[in-house]
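Peer 1: Take a look at this one; I'll ask things after.
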Amino acid sequence: MPFRFLIVGAGFSGSVLARELVDHLDCFVEIREERNHIAGNCHTYVDEETGITVHHYGPHIFNTDKKEIWDYFNRYSELRHYVHRVKAWHDGKVYSLPINISTLNQFFENTFTPESAREFLNTLGDHSILHAGNFEEQAIRLLGEKLYKAFFYGYTKKQWGCEPRLLPASILKRLPIRFDYNDNYHNNPYTGIPVNGYTDFVSNLLNHRRIKVILNKKFQNNSDELSSSYDHIFYTGSIDSFFNYEHGRLSYRTLRFEKEIHEGDFQGCPQINYCDENIPFTRITEHKYFTPWKKFNKTVIFKEYSSEAENGNNLFYPKRLKADKDLLSVYREKAGQLKNISFLGRLGTYRYLDMQHVIEESMGFAKLFVECLKTDSPVPVFPNRE
Ligand code: UDP
C-alpha cells in the first residue's frame, strides 16, 4: 500500500518536500493551501497593464553559495544570473548599499582606498563592545554611531516595530560591509531570478500525478483531521496557529504594498531603502528591474509598509523577541508530544529563513524522513534544534 501524506502549505518548504517524497517513496501527497495560489510569499504573477512580473509579497532574489541548490532550482525552472543592487535614501541623498567605499566616500566626503576605509571604520567602531548581544550593539561595534543612525536605526525600527537593541545581532549579519566598490547586495556566488517567475518553479515541482494540490482550504487542528488516514502530516503554517494560539501568539511583522503605475522609469533601480524614521514606508521596489533582459514602456512600483501582524494578516518576518522564544519553547514541547507530524519552513519553525535555506532544509528533511521509514526509526518533529 502506498503511503498517504498531508502537507499543509504550498510554499517552498511544502512544495519541495512534496516533490522529494513522491520521487523517493511509494506515496500519494495531498498538499493543502489556504490561499488561492501556490508558492507562498514567493508568489509571482504578470501584471496585466504593464506585462511586468511582479513579486506579489515583495522582492525575492534567489542567492546561494551551493551549486547543488542552484542546480536543483534550475531543474524545475530556469534561473537567470542577476545581481541585486540596492540604494539607500538618507536625509534627501541617495547612497550605495551595502556599505562600501562608495558609501563612505559620499557620506564622509572623502576618497578612501580599501586600506584607509578599513582603518577609518576601525576608528568609528566601538571596540569596548566585546560581544555584541543584539542588533544595535553589533552595528555600533562595527560601524559606530553615525553610520548606524543614518542607515540602520530608522529602517530597522520601521521594519521591526521595536528598538533595534531588542533584536538579535544575526539580522544585521545578513548585510555585508565591503572595503571595495562592490555594491552587489548579496555575497553568494550564485544569484539570480527565475525567468518565468517563482510560481512557475513551484508549479513545476508540484506537477506530478501523485501530488494533489487543494487551494482555498484551511487545515483545522481537530480530531477529524488528525485521525484521518494520513500516515504523516507535515505542517508548514505557523506553529502557534497549529495549536489554535492556546498559549498566545508568536509575534510577526506583516507588510502592506502600495502599488503605482507610471510611464517609463520611476527610480532607475530595483530597490531604494528609505532609512529615515520620518518616511513611513521602508522601501520602494521597481519590479521591471528584476528582469533586466526585458524591456517595458511602463513601470510598476510598490511602496512597502511594515506593521505588527494581527489575526488574519499574512505573516512575513518572525520577530523572535525574548517572549517569543519562550513561547516557541512551549509550542515546540507540545509538538514533541504529537505522533506522525512534523513542522517545517519559516513559519513552522519560526525562523527568518531565505528561499535557499528552505529548499535545502526541505530536501534534507525528506531524505531523513525516507531513512526513518526504512529503518523504522522515529521521525523528528522539527528539522532544527532551537
Ligand atoms: N537593514 C537596515 N537598513 C537597510 C537595509 C537593511 O537597517 O537599508 C536591516 C533591517 O533591520 C533589515 C535587515 O537589515 O530587516 C535585513 O535586511 P534585508 O535587506 O536582508 O531584509 P529583507 O530583504 O529580508 O527584508
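Peer 1: Across segment 227-275, which residue is nearest to residue 3 (Cα to Cα) among those that are of a type in the set (Val, Ile, Thr) and in contact with a helix residue (DSSP H, G or I) (Cβ under 8 Å, 6 or more places away or on another chain)?
Peer 2: 233
Peer 1: Testing residue 157 on (1) under 20 Å from residue 321 (Cα atoms); (2) buried (at least 18 other Cβ atoms within 10 Å of the Cβ); (3) at pLDDT 95 or above; (4) near the ligand (Cβ under 9 Å from one of its atoms), one condition comes back false. Which one is that?
Peer 2: Of everything listed in (1) under 20 Å from residue 321 (Cα atoms); (2) buried (at least 18 other Cβ atoms within 10 Å of the Cβ); (3) at pLDDT 95 or above; (4) near the ligand (Cβ under 9 Å from one of its atoms), residue 157 misses just condition (2).
Peer 1: Next question. Can you name the condition, by its number, that residue 323 falls short on among (1) within 16 Å of the ligand (Cβ to nearest atom); (2) surrounded by fewer than 21 Cβ atoms within 10 Å (Cβ to Cβ)?
Peer 2: So residue 323 meets the others, but not (1).
Peer 1: For segment 166-218, enumerate the residues that are of a type in the set (Phe, Trp, Tyr) and within 11 Å of the ligand (Cβ to nearest atom).
Peer 2: 185
Peer 1: Restricting to segment 123-136, name every residue that is modelled with pLDDT of 95 or more, of a type outside the set (Ser, Thr, Tyr) and more than 14 Å from the ligand (Cβ to nearest atom).
Peer 2: 124, the sole residue that qualifies.
Peer 1: Going through segment 339-368 one residue at a time, which ones are hydrophobic (A, V, I, L, M, F, W, C) and either within 15 Å of residue 237 (Cβ to Cβ) or buried (at least 18 other Cβ atoms within 10 Å of the Cβ) (or both)?
Peer 2: Hits for segment 339-368 are 341, 343, 344, 347, 353, 355, 358, 359, 365, 366.
Peer 1: Among 109, 145, 163, 115, which is the only one that is within 16 Å of the ligand (Cβ to nearest atom) and over 26 Å from residue 309 (Cα atoms)?
Peer 2: 145 is the lone residue from the list that is within 16 Å of the ligand (Cβ to nearest atom) and over 26 Å from residue 309 (Cα atoms).
Peer 1: Yes or no: segment 60-73 includes at least one residue that is within 16 Å of the ligand (Cβ to nearest atom), modelled with pLDDT of 95 or more, farther than 18 Å from residue 364 by Cβ and in contact with a Cys (Cβ under 8 Å, 6 or more places away or on another chain).
Peer 2: Yes, segment 60-73 contains at least one residue that is within 16 Å of the ligand (Cβ to nearest atom), modelled with pLDDT of 95 or more, farther than 18 Å from residue 364 by Cβ and in contact with a Cys (Cβ under 8 Å, 6 or more places away or on another chain).
The values are calculated or read from the model by the stated rules, or taken from the named source; none is laboratory data. Just so you know, these numbers come straight off a predicted model, no measurement behind them. Backbone-built Cβ (ideal geometry, glycine too); neighbour counts: all protein chains shown.
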